[in-house]
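The values are calculated or read from the model by the stated rules, or taken from the named source; none is laboratory data. Quick caveat, the model's predicted, so the values are computed rather than measured. As a convention, Cβ positions derive from the backbone with ideal geometry for all residues, glycine included, and neighbour counts pool all protein chains shown. Note: areas computed on protein heavy atoms with side chains; ligands, DNA, RNA excluded. Shrake-Rupley method; radii C 1.70, N 1.55, O 1.52, S 1.80 Å.
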Amino acid sequence: EDNVSVRDIVIEVPESTGVQAMDDEHESCTMAMEAMLKARTRSTLVVVYEEFKEHFTHEEDLMHDYDFGTGGGEFSAANSHAKDHARILKVLSDEIERTKAVANAKISASFVKRVVDEFGT
């Protein structure tokens with residue numbers, strides 16, 4: 001049973017990174033999450049997955065290109081961030097797969113909250 005109400009979920013655009021392209025992508029991700037919160041359909045979930053994947057790839061590329069957070073090898077900030085991205089995408093893809101077999105499946109409010117919380121961290 002879903003014990004989270006959609007009214008309790010607050011989606012905010014993350015603070016500016018100082019990089020316009022990243023800020024624009026954060027806004028696109030936020031808009032996709034807002035659409036998912038309103039409709040809670042599999043198709044809106046797929047859009048969130050695609051927005052996140054594109055953004056995460058770009059962000060990781062920028063971190064690599066500018067050698068940002070790459071010191072420390074396996075335990076570097078960049079590597080840790082990439083692992084967080086992979087984990088979030090797996091959560092999304094698992095839910096996409098779960099809802100594939102269910103006609104008109106609704107995404108639970110608790111799942112939406114989890115995604116919103118993960119994106120904000």
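Observations on the model:
- Taking the longest Cα principal axis of the chain as reference, the axis of helix 109-120 is set at about 10 degrees.
- At a probe radius of 1.4 angstrom, the accessible area of region 1-75 per residue rounds to 68 square angstrom.
- Between 0 and 90°, nearest 10: helix 42-65 axis offset from the chain longest Cα axis: 10 degrees
- Straight-line cross-link partners of LYS38 among the lysines, defined as a Cα under 24 Å from its Cα and at least 8 positions apart when in the same chain: LYS53, LYS90, LYS100, LYS106, LYS113.
- Other-chain or far-sequence residues with amide H under 5 Å of THR41's (modelled H): ILE107
- Theoretical FRET efficiency, 1/(1+(r/R0)^6), r = Cβ-Cβ of ASP94 and ASP8, R0 22 Å, to 0.05: 0.40
- Shape category assigned to region 38-90 from the gyration tensor of Cα positions, a/c cut at 1.5: prolate
- On Cα atoms only, tilt of 20-39 relative to the major axis of the chain in degrees: 10 degrees
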